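The structure appears below as structure tokens.
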Amino acid sequence: MPASYAYLGPEGTFTEVALRTLPESATRELIPYVSVQSALDAVRTGEAEAAFVPIENSVEGGITTTLDELVAGAPLMIYREVLLSITFALLVRPGTQLSDIKTVTAHPAAQPQVRNWLKANLPDATWESAASNADGARLVQEGRYDAAFAGEFAAARYGLVPLETGIHDAENAQTRFVLVGRPARPAAPTGADKTSVVLWQRDDHPGALRDLLGEFATRGINLMLLQSRPTGAGIGNYCFCVDAEGHISDRRMAETLMGLKRICLQVRFLGSYPRADVGTDGVRPTPPGTSDAEFVAAADWVARCQDGRF
């Protein structure tokens, strides 16, 4: 049997479209799951080699369902990321007109991306969330709702027609997806990488977040995502999901993680992996004093001082 990848289903989701852009997807059995949680649990239990799930969109930021699943439970690790441009179609059963639509559905992450269009075109329609955009299309097919926001490509799969296409409130909206597996050695650095971690403060005090961020700033590491998530231990108790430029094998990133490990109650390493957002301008230059060569030279100088050879 071929190795399998779990993904947020059913068939016809943006997640499936993004997953099929990975070359290795052609050699894997792709299995849809009803939720992000069930897809990630399939990896934890060994039912799937990896799971492919959405983690961030350019309109609302981090997708909390995925972040919370990576924060809690048995550790998992991110190995790849994919960016997909997103536009929606309004899918309906054949014969449905705009004036017929009283209820609409889609994944909760879709609502902020079509909110203004919905207000302008269907101000009286009732919104109901679905497990995924494709699942919303399935529910429309079954007659549960009048319309669903989903990818236009899902229409034929569920016997629907696109009443409107190209729907988006924000130009160039994108969703970021990640391939998640069980913990293992990270892939070798590419020179254009990202490292993801979750940080728990040791205690609540003035400047606590500044102390965490200072570990990155001191070593010239740029942050790409910073999102707080409640720990469940009471009001005001949060952990922080962080994406930062660089790879754990970089001296400056390794030293940053060591510094965070010293001052945090807990640090969860979520992986170092190739970035999907590197354009023609390439990667941001390493700030002076933070290259691997400069870290090695500084360590050598300290050693010589300790030996009286300065």
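The values are calculated or read from the model by the stated rules, or taken from the named source; none is laboratory data. On a predicted model such as this, the values are computed, not experimentally measured, just so you know. When we count neighbours, we look across all protein chains shown, and the Cβ atoms used for this are built from the backbone with ideal geometry, even at glycine. Each accessible area value is taken on the protein alone, full model and side chains, heavy atoms only, with ligands, DNA and RNA left out. Shrake-Rupley method; radii C 1.70, N 1.55, O 1.52, S 1.80 Å.
With the convex hull drawn around the C-alpha atoms of the stretch 11-106, the volume per residue stands at 141 Å³. Here each label is just a point 7 Å from Cα along the line to Cβ, and for Ala120 and Met224 those points are 3.2 nm apart.
What's the long-distance tail for the stretch 212-310, i.e. % of Cα pairs beyond 18 Å? When all Cα pairs of the stretch 212-310 are counted, 57 percent exceed 18 Å. Across Arg202, Arg229, Arg219, mean-square fluctuation computed from a Gaussian network of the chain (C-alpha pairs under 10 Å connected) peaks at Arg202. Its relative contact order, with pairs defined as Cα atoms under 8 Å and 6+ residues apart, puts the stretch 185-309 at 37 percent. The amide H of Ala130, built 1.01 Å from its N in the peptide plane, has Ala106, His107 as neighbours under 5 Å, considering only residues 5 or more places off or on other chains. Overall, the accessible surface of the stretch 88-167 at a probe of 1.4 angstrom is composed of carbon and sulfur to the extent of 44 percent.
Its Cα centre serving as origin, the stretch 88-167 has a Cβ charge dipole (Lys and Arg +1, Asp and Glu -1) of approximately 60 debye.
Restricting attention to the chain, close to 75% of DSSP beta bridges with both partner residues there are antiparallel.
If R0 equals 30 Å, the separation of the Cβ atoms of Arg284 and Arg157 corresponds to a calculated FRET efficiency of about 0.15. At a probe radius of 1.4 angstrom, the accessible area of the stretch 30-93 per residue rounds to 36 square angstrom.
Computed over Cα pairs, the Kirkwood radius of the stretch 88-167 leads via Stokes-Einstein (1.567 mPa s, 4 °C) to a diffusion coefficient of 109 µm² per second.
Converting phi to 3J(HN,Hα) with the Karplus coefficients 6.51, -1.76 and 1.60 and the offset θ = phi - 60°, the stretch 152-169 yields 4, 5, 7, 4, 5, 5, 10, x, 10, 10, x, 6, 9, 10, x, 8, 6, 7 Hz in sequence order, with x at every glycine or proline. Here the accessible area is traced with a 1.4 Å probe on the protein chains. For the stretch 212-285, carbon and sulfur cover 52 percent of it.
Note on Lys261: lysines with a C-alpha under 22 Å away, same-chain residues under 8 apart excluded, are Lys194.
Using Cβ point charges alone (K and R +1, D and E -1), the dipole size of the stretch 185-309 about the Cα centre works out to roughly 240 debye.
In the chain, a dipole from Cβ-located charges (positive for Lys and Arg, negative for Asp and Glu) runs towards its positive end, and of Ser132, Ala110, Ile31 it is Ile31 whose Cα lies farthest in that direction. Charged side chains reduced to their Cβ positions (Lys and Arg at +1, Asp and Glu at -1) give the chain a dipole of some 580 debye around its Cα centre.
Considering only Ala217, Met258, Gly246, and ranking their Cα positions along the charge dipole of the stretch 193-310 that arises from unit charges at the beta-carbon of Lys, Arg, Asp and Glu, the one farthest toward the positive end is Met258. Length gained on full extension, Val17 to Thr165, computed as 0.36 nm times the residue gap minus the Cα-Cα distance: 51.6 nm. Per-residue ellipticity at 222 nm from helix content only, as computed over the chain with -39500 (n - 2.57) for each DSSP H run of at least four residues, stands at -8000 deg cm²/dmol. Count Lys and Arg as plus one, Asp and Glu as minus one, and take only other residues whose Cβ is under 11 Å from that of Asp250; the net charge is then -1. Rounded to the nearest 5, what is the percent of antiparallel bridges among the DSSP beta bridges in the stretch 88-221? The antiparallel fraction comes to roughly 55 percent. The Rg/Rh ratio for the stretch 123-217 is 1.16, where Rg is the radius of gyration of the alpha carbons and Rh is the Kirkwood radius.
When the chain is described by a simple charge dipole with +1 on each Lys and Arg Cβ and -1 on each Asp and Glu Cβ, the residue from Thr15, Leu122, Thr231 located farthest towards its positive end is Thr231.
The local environment of Glu24, defined by Cβ-Cβ distances under 13 Å, has a net charge of +1 under the rule Lys, Arg +1 and Asp, Glu -1.
Among the listed values [x] -0.28, -0.36, -1.25; [y] -0.50, -0.57, -1.16; [z] -0.34, -0.43, -1.29, the one matching log10 I(q)/I(0) by the Debye sum over Cα atoms at q = 0.07, 0.08, 0.16 Å⁻¹ as calculated from this structure is [z].
Considering only Val92, Val197, Val296, the mean-square fluctuation computed in a Gaussian network model of the chain, springs between alpha carbons under 10 angstrom, is largest for Val296.
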